[in-house]
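Colleague: First the structure, then my questions, so here it is.
The values are calculated or read from the model by the stated rules, or taken from the named source; none is laboratory data. Here the structure is a predicted model, which is why all the values come from computation and not from measurement. All Cβ positions, glycine included, derive from the backbone under ideal geometry; neighbour counts span all protein chains shown. Remember, those area values only see protein heavy atoms, side chains included, never the ligands or the DNA or RNA. Shrake-Rupley method; radii C 1.70, N 1.55, O 1.52, S 1.80 Å.
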Amino acid sequence: MLIFLDLETTGLESSDKICSIGIIGVGENEIFSKYELVNEGKKISSKASSINHITNEMIKGKPTLKESEAWKFLQEHNREDSTIIAHNVNFDLKMLLACGFVWHGKIIDTLRVTKHLIPECEYFSLQFLRYELRLYKNEKKEALKYTEVMNESEFIPHNALSDAMHVKLLYEYLLDIKVHEELIKLTLKNVLIEKFDFGKYSGRYIEEISMFDRGYLEWVLLNIADLDEDLRYSIERYL
């Protein structure tokens, strides 16, 4: 079973919880799709609402994640021959773990794999890749496959089911470059990032910075707790 997954959360703090989930499951003889709002007892911040357009009124009275159809589907297919595929999959698995769900199958991170296979991309967000790789050309046809009806107006950023669909389209694009098993291997391999995309050295080569301002790189390693795993790996390599 291939499980394309996207989550939206009440915020980005460690105490925040899942507030919506979108799943597309593709098996040998079945296709499953589900979008659900859930209520984990955590208030949605205004900043989060401005991104995912989910309000506290919308999740009032909604079930917890463990009471949802999505949870039942994940539990049913939580086995070694299943693969969860998501954009920045470690974030999704961390949020599921906070709800008590431990994944036992394989994983593919379309974010990391894209960085490996298409490093010339300027950005790697799912929405940028949607347009850069022209995934949008197939989204209407793709949406017709699902039992969870999707209208064109729902193809918006941070709608969990729409994002899960675009993860599926991105996976199929990457599958034209490498086979499924290779995508799994690349997910577990760090990406060597060449340039900073933030801060005073945004756009500059990390190797260059290591030659004239090592102190800055050491400061980044010590002071940014949630530093991207691949960026941390890259800085350490260049140092």
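Colleague: With over 24 Å from residue 82 (Cα atoms) and either surrounded by 13 or more Cβ atoms within 10 Å (Cβ to Cβ) or of a type in the set (Phe, Trp, Tyr) (or both) as the only criterion, which of 177, 193, 156 stands out?
Modeller: Details: 177 fails: over 24 Å from residue 82 (Cα atoms); 156 fails: either surrounded by 13 or more Cβ atoms within 10 Å (Cβ to Cβ) or of a type in the set (Phe, Trp, Tyr) (or both).
That would be 193, the only listed residue that is over 24 Å from residue 82 (Cα atoms) and either surrounded by 13 or more Cβ atoms within 10 Å (Cβ to Cβ) or of a type in the set (Phe, Trp, Tyr) (or both).
Colleague: So which helices (runs of 4 or more DSSP H) stay within the stretch 1-87 end to end and still have 2 or more residues that are surrounded by 16 or more Cβ atoms within 10 Å (Cβ to Cβ) and not aliphatic (A, V, I, L, M)? Steps first, answer last, please.
Modeller: On the way: elements: 46-52, 56-59, 69-76.
Answer list for the stretch 1-87: 46-52, 69-76.
Colleague: Right, here's the next one. Among the listed residues 22, 61, 100, which satisfies the condition of being within 30 Å of residue 186 (Cβ to Cβ) and over 16 Å from the mean Cα position of the chain (by Cα)?
Modeller: Details: 22 fails: over 16 Å from the mean Cα position of the chain (by Cα); 61 fails: within 30 Å of residue 186 (Cβ to Cβ).
Result: 100 is the single residue among 22, 61, 100 that is within 30 Å of residue 186 (Cβ to Cβ) and over 16 Å from the mean Cα position of the chain (by Cα).
Colleague: Go through the stretch 98-126 and count every residue that is assigned to a loop (DSSP other than H, G, I, E, B) and either open to solvent by less than 40 Å² (accessible area, probe 1.4 Å) or at negative phi (or both). Before you say what the answer is, go through the steps one by one.
Modeller: Narrowing the stretch 98-126 to residues assigned to a loop (DSSP other than H, G, I, E, B): 99-105, 118-125.
Subsequent filtering for residues that are either open to solvent by less than 40 Å² (accessible area, probe 1.4 Å) or at negative phi (or both) retains 99, 101-105, 118-125.
Here the count works out to 14.
Colleague: OK, next. For the stretch 230-239, does any single residue satisfy the condition of being modelled with pLDDT of 90 or more and more than 21 Å from residue 116 (Cβ to Cβ)?
Modeller: yes
Colleague: Do we have any residue at all in the stretch 127-146 that's farther than 21 Å from residue 8 by Cα, open to solvent by less than 20 Å² (accessible area, probe 1.4 Å), assigned to a loop (DSSP other than H, G, I, E, B) and in contact (Cβ under 8 Å) with a residue 40 or more places away in the chain?
Modeller: Looking through the stretch 127-146, none of the residues is farther than 21 Å from residue 8 by Cα, open to solvent by less than 20 Å² (accessible area, probe 1.4 Å), assigned to a loop (DSSP other than H, G, I, E, B) and in contact (Cβ under 8 Å) with a residue 40 or more places away in the chain.
Colleague: I'd like to check something: does the stretch 69-83 contain any residue that is over 13 Å from the mean Cα position of the chain (by Cα), without any contact (Cβ under 8 Å) to a residue 60 or more places away in the chain and more than 23 Å from residue 33 (Cβ to Cβ)?
Modeller: Within the stretch 69-83, one or more residues are over 13 Å from the mean Cα position of the chain (by Cα), without any contact (Cβ under 8 Å) to a residue 60 or more places away in the chain and more than 23 Å from residue 33 (Cβ to Cβ).
Colleague: Take the residues in the stretch 198-231 that are within 19 Å of the chain's Cα centre (by Cα) and open to solvent by 30 Å² or more (accessible area, probe 1.4 Å), then tell me which one is farthest from residue 83 (Cα to Cα). Steps first, please.
Modeller: So the first thing to find is which residues in the stretch 198-231 are within 19 Å of the chain's Cα centre (by Cα), and the list is 226-231.
Narrowing the set further to residues that are open to solvent by 30 Å² or more (accessible area, probe 1.4 Å) leaves 226, 228-229.
On the way: 226: 26, 228: 23, 229: 22 Å.
Top of the filtered list is 226.
Colleague: As an exercise: evaluate residue 103 against (1) closer than 20 Å to residue 34 by Cα; (2) hydrophobic (A, V, I, L, M, F, W, C); (3) at pLDDT below 95 and give the number of the one condition it does not meet.
Modeller: Unmet condition: (3).
Colleague: So how many residues does the stretch 100-112 have that are within 25 Å of residue 30 (Cβ to Cβ) and touching a Lys or Arg at 6+ places or on another chain (Cβ under 8 Å)? Lay out the reasoning, then the answer.
Modeller: Filtering the stretch 100-112 for residues within 25 Å of residue 30 (Cβ to Cβ) gives 101-110.
So of that shortlist, the ones also touching a Lys or Arg at 6+ places or on another chain (Cβ under 8 Å) come out as 104-105.
Residues that pass the stated criteria total 2.
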